[in-house]
Amino acid sequence: QVQLVESGGGLVQAGGSLRLSCAASGHIFAIEVMGWYRQAPGKQRELVADIGGNESTNYADSVKGRFTISRDSAKKTVYLQMNSLKVEDTAVYYCNGRIQTWVYSFVDDYWGQGTQVTVSS
């Protein structure tokens, strides 16, 4: 089994910063991509940022220049540094991993349990 465990959410004032972490554990052969999604009340889950094994990154337009995604492959951990937070960044943030559990398996999507980020005005 694969587990993704997030940490670092919380309440912050607009303009502040938070850092999210997500550690993958379990039977993992390879991690193709790790990323962060978010879901605000009444809205669909959306990609915030992701990072590939070659360190290539992808960001939602709404967070470019404010958020930075990084990963520590040895620790199977992905981070999301969130600066200049806005009220509209308020959401539950979910860690995602596209993971291969053994050499002959396909890559599957795995999700963390979610961590709440609330930005107050």
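The values are calculated or read from the model by the stated rules, or taken from the named source; none is laboratory data. These figures come from a predicted structure and were not determined experimentally. Here the Cβ is made from the backbone with ideal geometry for all residues, glycine too, and neighbour counts use every protein chain on show. The accessibility values were calculated without ligands, DNA or RNA, using every heavy atom of the protein model including side chains. Shrake-Rupley method; radii C 1.70, N 1.55, O 1.52, S 1.80 Å.
By accessible area, using a 1.4 Å probe on protein heavy atoms only, the chain has 49% of its surface on carbon and sulfur.
Charge dipole of the chain (Cα centre as origin; +1 on each Lys and Arg Cβ, -1 on each Asp and Glu Cβ, all else neutral): 220 debye, rounded to the nearest 20. Among Gly35, Gly97, Gly52, the largest mean-square fluctuation in a Gaussian network model of the chain (Cα springs under 10 Å) belongs to Gly52.
Largest GNM mean-square fluctuation across Arg66, Arg38, Arg19, computed for the chain with C-alpha springs under 10 Å, falls on Arg66. Relative contact order for the stretch 32-121: what is it in percent, counting Cα pairs under 8 Å that are at least 6 residues apart? It rounds to 28 percent for the stretch 32-121. Need one word for the stretch 17-67: rounded, prolate or oblate. Basis is the Cα gyration tensor (sqrt eigenvalues a ≥ b ≥ c); a/c below 1.5 gives rounded, then a/b vs b/c decides. Since a/c reaches 1.5 and a/b is larger than b/c, the shape of the stretch 17-67 is classed as prolate. The packing ranking of peptides 85-96, 3-14, highest mean first, is 85-96, 3-14, where packing means the average number of other beta carbon atoms within 10 angstrom of each residue. At a probe radius of 1.4 angstrom, the accessible area of the chain per residue rounds to 54 square angstrom.
Solvent-accessible surface (1.4 Å probe) assigned to Ser56 amounts to roughly 60 Å². Distance from the C-alpha centroid of the stretch 7-35 to that of the stretch 51-86: 9 Å, rounded to the whole angstrom.
Just checking the listed ones, Ala49, Ala60, Ala23: in the Gaussian network model of the chain with Cα springs under 10 Å, the one fluctuating most is Ala60.
Contact order, relative form, for the stretch 1-51: 29 percent (alpha carbon pairs under 8 Å, 6 or more residues apart, mean separation divided by residue count). Counting charges near Ser17 (Lys, Arg +1; Asp, Glu -1) among other residues having Cβ under 14 Å from its Cβ returns a value of +2.
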